[in-house]
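Some notes on the structure that comes next.
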Amino acid sequence: MTTPNSDILAVGAHPDDVEVHVGGIMAKAAKVGLNAAILDLTLGDLGTRGTAEIRHREAIDAAKILGVERHFLQLPDARFTEGETERIALMKAFRSIRPLVVILPSLDDHHPDHRRTHRLCREALYYSGLKNYPCPGEPWRPLAIAWVGGVNPTSPPDLIIDVTEVWPQRMAAFDAFDSQVKTDPNRVMTKISHPAFRSGIEGRAMHWGSLILKPFAEGLWCEKPVPVGLLQLWHSLK
Ligand SMILES: [Zn+2]
């Protein structure tokens, strides 16, 4: 087995998905010297506000603020399927990025693209480890897979990570998606641009933080028992 190229990879269906849920974990990973990266499946080209070009630029700016690499698959927003074309595209990306830990969108999030991304990545991450699968690149399977809880998680996280020291940086990365998140009376109001959405991010982080007696924390969910690779990540970020 060849060596990893990345310690932690967070996957989003759209630019800003990762920054909504685990911007703090990504910023903290970069801060402690881990190689952290984001993979966006689409550029959110069907979004109510912004364009693919604008969202691409914002995503690059946000990654710079977090201190992480960013990769773009450029699948068609909402129209990507769970077919072989998408699976191969993801397997090639995973075999190139070679992450030790992968963070996925929630499996039961309200947005179908987020749920589909979760299922598609779980399959691609498994098949990526099969050496005889007809796909370019050396086989790769991560040590651990985790996922975010969505905007209304129904269970407490399996891991809670203190992100207090990077909180201003993490919110600056969220705010870098101006076309999506800025509350502006001259632009149509969307869920993510509503002030309550932003305060929801802070409120959830304060709640998870309160459970470990820290100002701000972010949560991860996973299959049990918790994989050793995730415990190692938690230890690196403690
Ligand atoms: Zn999204």
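The values are calculated or read from the model by the stated rules, or taken from the named source; none is laboratory data. Small disclaimer: the values here were computed from a predicted structure and weren't measured. Quick reminder, even Gly has a Cβ in these numbers, built from the backbone with ideal geometry, and neighbours come from all protein chains shown.
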Worksheet item: Of all the residues that make up the range 107-151, how many are out of contact with any Cys (no Cβ under 8 Å at 6 or more places or on another chain), touching a residue at least 40 places away in the same chain (Cβ under 8 Å) and under 30 Å from SER199 (Cβ atoms)?
Response: 14
Fill in: Of all residues making up the range 201-214, the number that are surrounded by fewer than 17 Cβ atoms within 10 Å (Cβ to Cβ) and under 23 Å from ASP61 (Cα atoms)
1
Worksheet item: So is LEU237 aliphatic (A, V, I, L, M), more than 18 Å from THR164 (Cβ to Cβ) and touching a Leu at 6+ places or on another chain (Cβ under 9 Å) or not?
Response: no
Worksheet entry | Scan of the range 173-199 for residues that are over 18 Å from HIS14 (Cα atoms) and in a helix (DSSP H, G or I), ordered by number | PRO195, ALA196, SER199
Practice prompt. Kindly state which helices (runs of 4 or more DSSP H) lie completely within the range 1-103 and contain at least 1 residues that are modelled with pLDDT of 95 or more and within 14 Å of the ligand (Cβ to nearest atom).
Written response: 17-31, 52-66
Worksheet item: Across the range 140-172, which residue is farthest from TRP234 (Cα to Cα) among those that are among the polar types (S, T, N, Q) and modelled with pLDDT of 95 or more?
Response: GLN169
Discussion item. Looking only at the range 200-238, how many residues end up being on the phi < 0 side of the Ramachandran plot, outside any helix (DSSP H, G or I) and modelled with pLDDT of 95 or more?
Written reply: 16
Discussion item. Take the conditions assigned to a loop (DSSP other than H, G, I, E, B) and of a type in the set (D, E, K, R) and apply them to ARG122. Does it pass?
Written reply: no
Worksheet item: If a residue has to be of a type in the set (Asp, Glu) and within 18 Å of ASP7 (Cβ to Cβ) to count, how many in the range 33-76 make the cut?
Response: 1
Worksheet item: Just for the range 38-60: of the residues that are farther than 17 Å from ILE192 by Cβ and charged (D, E, K, R), which one is surrounded by the most Cβ atoms within 10 Å (Cβ to Cβ)?
Response: ARG57
Item to complete: Determine whether VAL18 is out of contact with any Leu (no Cβ under 6 Å at 6 or more places or on another chain), buried (at least 23 other Cβ atoms within 10 Å of the Cβ) and among the β-branched types (Val, Ile, Thr).
Response: yes
Fill in: Residue count, the range 198-223 (criterion: closer than 14 Å to TRP234 by Cβ and in contact with a helix residue (DSSP H, G or I) (Cβ under 9 Å, 6 or more places away or on another chain))
6
Item to complete: Evaluate the following for PHE72: is it closer than 22 Å to TYR133 by Cα and not acidic (Asp, Glu)?
Response: no
Worksheet item: Condition test on HIS118, is it farther than 26 Å from GLN232 by Cα and either more than 16 Å from the ligand (Cβ to nearest atom) or surrounded by fewer than 23 Cβ atoms within 10 Å (Cβ to Cβ) (or both)?
Response: no
